[in-house]
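Okay, structure first, notes after.
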Amino acid sequence: MSNQAEHKTFIFNEKIDKELLISLYEDDFLYMEEIFSITLTQLTPDIIHLNASFEAGNLSALQKAVHKIKPSFGFVGMPVTQELCKQFEDSCAAATSTDQLASAYAELCNGLKESVAIIESEYGKFKAYNQS
Amino acid sequence: MSCVIIEDLQVAAEYTRKCCEKSGLLDVKDHFTNVADALAYLNTTTVDILFLDVEMPGATGFDLLDQLGYSPKVILTTSKPEYAYNAFEYHVIDFLKKPFTYQRFLEALQKAAVKDDSDSPVTSSDKHIFIKSDGKLVRLNNEDILYIESMGDYVKFVTADKKYITHNTIKALEEKVDKTCFMKVHRSYIINLTKIDDIRENDLFIKGTEIPISKAHKQDVLRRLNII
């Protein structure tokens, strides 16, 4: 029978910038769970709005929508996705029509889809970790 | 110090609120997700610090600063560094790029405190509120208000030369007025402490008006007076 104290270790997804998260929330995993939950709740309608803006060909609304989404990924330790959003925001500023953004938009959507899946997975891990 | 958070991204607002609470230095009065709601609040309530996002639905944080009737300390919270120049133009205290660390948040607070020390002492004559009366927002300087009297669902702001009736309650106003000069002395009265002429038993007098002091408030009133 081992007398060693049992230490819980959280293994972050490799796409998550662990150092960034720790710099924001220290080792407060309950707080991280809350932040991930809030982010998921808000991202759903925000991404729907983003898609609607693109479908409507509304360049100004599209730029504002991606601007709003952008920092969400910073708060969950995903600066790469935040940078992807920034690049798309810059592209919106330079474009005169959403037609010019089709390929960049497709790239953005793929990045968002992958990132949201990771946030969902990490949120589930935080819940399990905090309940154990 | 009192503050409000004006931010349309919920996760950023919650994070900022947590930083405020953690600092132990800030009392978060409220959080708004758009400029119109924030302005409605700020035109009737004075706060020390605004944590202000720039791009929000309808209008920007800079639009809010253009329309605000006074100048609280402003700490911008945005994810767009391009606004740094505007921030400089609007004399904001600091510029926090989202997401910011708690350490960085504290540095911004320290800058606010330094500016506080370098500012001229604020007197009651510098402070004011806006009230809705007769279909318009009326500016009342704190030093002009003698007392505020309850009238059911309405209150009466009494100055030396005029009375203003507005839809509000003493209970709600108690939280919003500047506590350095105003004080609730009875369930129906908030008075300007600097306007008291004399106190007799359980009443005080301001410009000839007799105002009751409830038993629950009497000791607090006496404590606030410069009795020698």
Candidate set from region A:22-76 (those that are within 9 Å of chain B (Cβ to nearest Cβ) and part of a loop (DSSP other than H, G, I, E, B)); member that is nearest to residue A:118 (Cα to Cα): A:76
Before we move on, is residue B:137 modelled with pLDDT of 90 or more and assigned to a strand (DSSP E or B)? no
Do we have residue B:92 as in contact with a strand residue (DSSP E or B) (Cβ under 7 Å, 6 or more places away or on another chain), surrounded by 18 or more Cβ atoms within 10 Å (Cβ to Cβ), closer than 22 Å to residue B:179 by Cβ and away from chain A (no Cβ under 14 Å) here? no
Looking only at residues that are under 23 Å from residue B:53 (Cα atoms), more than 9 Å from chain B (Cβ to nearest Cβ) and touching a residue at least 12 places away in the same chain (Cβ under 8 Å) in region A:86-101, which one is surrounded by the fewest Cβ atoms within 10 Å (Cβ to Cβ)? A:93
Selection within region B:192-220 - in contact (Cβ under 8 Å) with a residue 12 or more places away in the chain and part of a helix (DSSP H, G or I): B:193, B:194, B:195, B:215, B:217, B:218, B:220
Select from region B:60-89 the residues that are within 14 Å of chain A (Cβ to nearest Cβ) and modelled with pLDDT of 90 or more and write down the one among them that is nearest to residue B:16 (Cα to Cα). B:77
Suppose we filter region B:1-31 for residues that are away from every other protein chain (no Cβ under 14 Å), more than 15 Å from the chain's Cα centre (by Cα) and either crowded, with 18+ Cβ neighbours inside 10 Å or modelled with pLDDT of 95 or more (or both); how many remain? 1
Filter region B:37-67 down to the residues that are touching a Cys at 6+ places or on another chain (Cβ under 7 Å) and not aliphatic (A, V, I, L, M) and list them by number. B:48, B:51
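The values are calculated or read from the model by the stated rules, or taken from the named source; none is laboratory data. Note that the structure is a prediction, hence the values are computed from the model and not measured. Virtual Cβ from ideal backbone geometry, glycine too; neighbours counted across all protein chains shown.
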